[in-house]
Amino acid sequence: MKKLIIFGIDDMAEVAKFFFDNDSEYRVEAFTVDREYRKRDTFCELPVYDFEDIERKFSTDEYEMFIAIGYSHVNKIREEKYNAAKQKGYKLASYISSHITCWIDKEQIGDNCFILEDNTIQPFVQIGDNVVLWSGNHIGHHARIGNHVFITSHTVLSGRTCVGDNCFIGVNATVNDHVTIAAGCVIGSGALITRDTEPGAVYKNQYTSKYIKTSNELNYFKSHNE
């Protein structure tokens, strides 16, 4: 069994531990968070260590890491910790459920990905790094998913769609074929997207020609990409 450290001590970290322990070649041995957020010494009956000096306790040659952080600030926080772990020298593990239908080589899926049960991934799909596909999504043929993306449950990405970096797509959203979701977009639950979107915008309900600007999410995205 490969040895794994999980960054995070919240619900997503607990879910990640469950799936890694029960459906992967990894064994979770510890958790880590930034020192200022380490309010406990244990989580899920395992020790919690400061991220700042984690490599002194767990060798980067012997242990891998998984960043279990959600979609806050259009995945920017998860992206920051992903990069920080890589800078320390850790290899980032991916969890790919054994209960998916996948017609691409899983070795081509990026690192630090979290792909849960009942996803259908059709031929010629490309999936980047640090991507979350929660349960029950349909990823159509020739679709491309960028880096640092979070797709919730029962989303449909039709054939030849493209999802840019740092996007969030809500439950039951549908993206029509050949549509591009620009970087930094937030697609609301149940949204129907039939045309290309504008970068860093929020969409809800049906989108055909107008888009809705975000407030906090868009301002954060712009401030980190100017």
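The values are calculated or read from the model by the stated rules, or taken from the named source; none is laboratory data. The structure displayed is predicted, hence computed values, not measured ones. Reconstructed Cβ throughout: ideal geometry from the backbone, glycine too, with neighbour counts over all protein chains shown. For the accessible areas, the whole protein counts, side chains as well, though only heavy atoms, and no ligand, DNA or RNA atoms are used. Shrake-Rupley method; radii C 1.70, N 1.55, O 1.52, S 1.80 Å.
Structural remarks
- Stokes-Einstein D for the chain, Kirkwood Rh over Cα pairs, 25 °C, 0.890 mPa s (µm²/s): 137
- Label separation (ASP105 vs THR42): 4.4 nm, computed from points 7 Å beyond Cα along the C-beta direction.
- When the listed pairs LYS2/LYS81; LYS39/LYS106; LYS3/LYS39; LYS2/LYS76 are checked against a 32 Å cut-off, the alpha-carbon distance exceeds it for LYS39/LYS106.
- 10 Å beta-carbon shell around TYR63, net charge (K/R +1, D/E -1): -1
- You can think of it this way: the chain between GLU55 and ASN22 has 9.3 nm of extra reach, that is 0.36 nm per residue less the Cα-Cα gap.
- The residues TRP103, TRP134, sorted by heavy-atom accessible surface at 1.4 Å with ligands and nucleic acids left out, run TRP103, TRP134 from largest to smallest.
- Note on the chain: helix-only mean residue ellipticity at 222 nm, from DSSP H runs of 4+ residues weighted -39500 (n - 2.57) and normalised by residue number, equals -5500 deg cm²/dmol.
- Spatially, region 94-125 and region 134-164 are offset by 11 Å when compared through their Cα centroids.
- With Cα atoms, 0 to 90° folded angle of helix 11-22 axis to the chain main axis: 70
- Among GLY136, GLY184, GLY89: highest mean-square fluctuation, GNM of the chain, C-alpha pairs under 10 Å: GLY89
- Cα gyration tensor category, rounded, prolate or oblate, for region 6-88 with a/c compared to 1.5: rounded
- With R₀ fixed at 41 Å, the C-beta to C-beta distance from THR194 to LYS88 puts the FRET efficiency at about 0.45.
- The stretch between ASP177 and SER135 holds 13.0 nm of extra length on full extension. This uses 0.36 nm per residue minus the Cα-Cα distance.
- For region 50-67, Karplus couplings with θ = phi - 60° (6.51, -1.76, 1.60), whole Hz, Gly/Pro x: 5, 5, 4, 10, 4, 5, 6, 9, 10, 4, 5, 7, 9, 10, 10, 9, 10, 8
- Taking Cβ atoms as reference points and 15 Å as the exclusive limit, the residues near ASN147 contribute a net charge of 0, counting Lys and Arg as +1 and Asp and Glu as -1.
- Shown are THR32, THR180, whose ranking by accessible area with a 1.4 Å probe and every protein chain present, most to least, is THR180, THR32.
- Shape of region 105-170, Cα gyration tensor, a/c cut at 1.5: rounded
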